[in-house]
Amino acid sequence: MTWLSDPALSRLREAVAAPDLSATRYELVATLGRGGMATVYLARDRNLQREVALKVLDLPEAWTRVDAGGAERLAREACVLAQLEHPGIVPVHEMGLLPDGRAFYAMRRVRGSRLDAWAESATLPAALRAFERICEAVAFAHAHGVLHRDLKPANVMVGPFGEVLVLDWGVAKRRGEAEIRSRGDRAALDPPAMPDPPAAPGATAAGTVLGTPGYMAPEQERGELERIDERTDVFGLGAILEALLARVALQRVPPPLRAIVAKAKAPLPEQRYASAEDLAADLRHYVDGAAVLAHREGPVERAGRLVRRYRTPILIVLTYLAARALLLFLAGR
């Protein structure tokens, strides 16, 4: 008897698990990544002559039946993404069933680097601009009643031309219809709220807790689903900003930026920024040289900030005064 090597067994498993695209417009190219319930493949769209990403529901380990619950979750994820038309969110092109019965959806193929890898060579201004775009995408989702619930650097891509995309909305949650209407948000209310997907290995805690350790808000880690709202995502955004600042070459993180991180990651939701927009606005205050709401500055720090902010007009005034003094001195000789 000849035993198959581990690499051979791995190739055999991949061949068996590969999606059947025979009756579709797509040609399988490669595997891009795997999650808790689905695999993302690189495929070629024969009709439009372009590359796309296909997210395909995995077969159960027995490979005898298709998971109906997983198919429903994947379809709802695709529907939610399709309604979030924003430059910072990957667009969905199509969804359906493959000949083997598995659910799939096709989306834009994302090129670029993960945020954490990109940040290794980024400047502080570039990193802060990228973070602001992340906040904008999350704020847009919130305005449409969708919470991401798994914000982390691994779920953000930065493209070759500086585009920033928030990915992996697989554990996203839609607020209830009554809650959306009571808040007056612009939201598409169909399809109904998504059921919680199964936990991905290494990415979630036990029970009903969904998210990634280190980036989950305390109420999320405790499984307090009724307390999860936009401020839960704000905590994740604060953790992303903290990770960005740790990777950007800084001898010392400026106190205002540390204060922004601390407010976004406050233990209690009511202590955090009320929204992703508020967090982005306070960050813009720092970038523009204005006072940061989360930071109480002293007189010396305030004077230094004002000097930096108004450096050009101050230099013009000082130059004028120096020239005036020189003229008066020369005239008096």
Select the helices (runs of 4 or more DSSP H) contained entirely in the stretch 158-254, then report the ones holding at least 1 residues which are of a type in the set (Val, Ile, Thr) and modelled with pLDDT of 90 or more. 230-247
In the stretch 211-262, the residues that are open to solvent by 30 Å² or more (accessible area, probe 1.4 Å) and in contact with a helix residue (DSSP H, G or I) (Cβ under 6 Å, 6 or more places away or on another chain): Tyr215, Arg227, Arg231, Glu242, Arg247, Val253
Just checking, does the stretch 124-137 include any residue being of a type in the set (A, V, I, L, M, F, W, C), part of a loop (DSSP other than H, G, I, E, B) and in contact (Cβ under 8 Å) with a residue 60 or more places away in the chain? no
Quick check on Asp282: is it acidic (Asp, Glu), modelled with pLDDT of 90 or more and either open to solvent by less than 20 Å² (accessible area, probe 1.4 Å) or farther than 22 Å from Asn155 by Cβ (or both)? yes
Filtering the stretch 102-128 down to residues that are among the small types (Gly, Ala, Ser) and open to solvent by less than 30 Å² (accessible area, probe 1.4 Å) yields Ala103, Ala106, Ala119, Ala122, Ala126, Ala127
Report every pair of residues separated by at least 6 positions or lying on different chains whose Cβ atoms are under 7 Å apart, first residue within the stretch 245-274 and closer than 24 Å to Pro218 by Cα and in contact (Cβ under 8 Å) with a residue 12 or more places away in the chain, second among the basic types (Lys, Arg) and open to solvent by 30 Å² or more (accessible area, probe 1.4 Å). Pro269/Arg227; Pro269/Arg231; Arg272/Arg231; Arg272/Lys263; Tyr273/Lys263; Ala274/Arg231
Note down all Cβ pairs under 7 Å where the first residue falls in the stretch 36-54 and is part of a strand (DSSP E or B), the second is open to solvent by 40 Å² or more (accessible area, probe 1.4 Å) and among the hydroxyl-bearing types (Ser, Thr, Tyr), and they're at least six residues apart or on different chains. Thr39/Thr31; Tyr41/Thr31
Residue in the stretch 56-80 that is modelled with the highest pLDDT, counting only those that are open to solvent by less than 10 Å² (accessible area, probe 1.4 Å) and of a type outside the set (Gly, Ala, Ser): Val56
Please work out if Phe131 is open to solvent by less than 60 Å² (accessible area, probe 1.4 Å), among the aromatic types (Phe, Trp, Tyr) and under 24 Å from Asp229 (Cα atoms). yes
For Ala291, state whether it is open to solvent by less than 90 Å² (accessible area, probe 1.4 Å), at pLDDT 70 or above and not in a helix (DSSP H, G or I). yes
Listed residues Leu241, Leu268; which is of a type in the set (A, V, I, L, M) and closer than 22 Å to Leu167 by Cα? Leu241
Unique residue being free of Cβ contacts under 8 Å to residues at least 12 places away in the same chain and under 28 Å from Leu225 (Cα atoms) when the list is Glu77, Glu85: Glu85
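The values are calculated or read from the model by the stated rules, or taken from the named source; none is laboratory data. Quick caveat, the model's predicted, so the values are computed rather than measured. We place every Cβ from the backbone using ideal geometry, glycine too, and count neighbours over all the protein chains shown. To get the accessible areas, we keep the full protein, side chains included, count just its heavy atoms, and leave off ligands, DNA and RNA. Shrake-Rupley method; radii C 1.70, N 1.55, O 1.52, S 1.80 Å.
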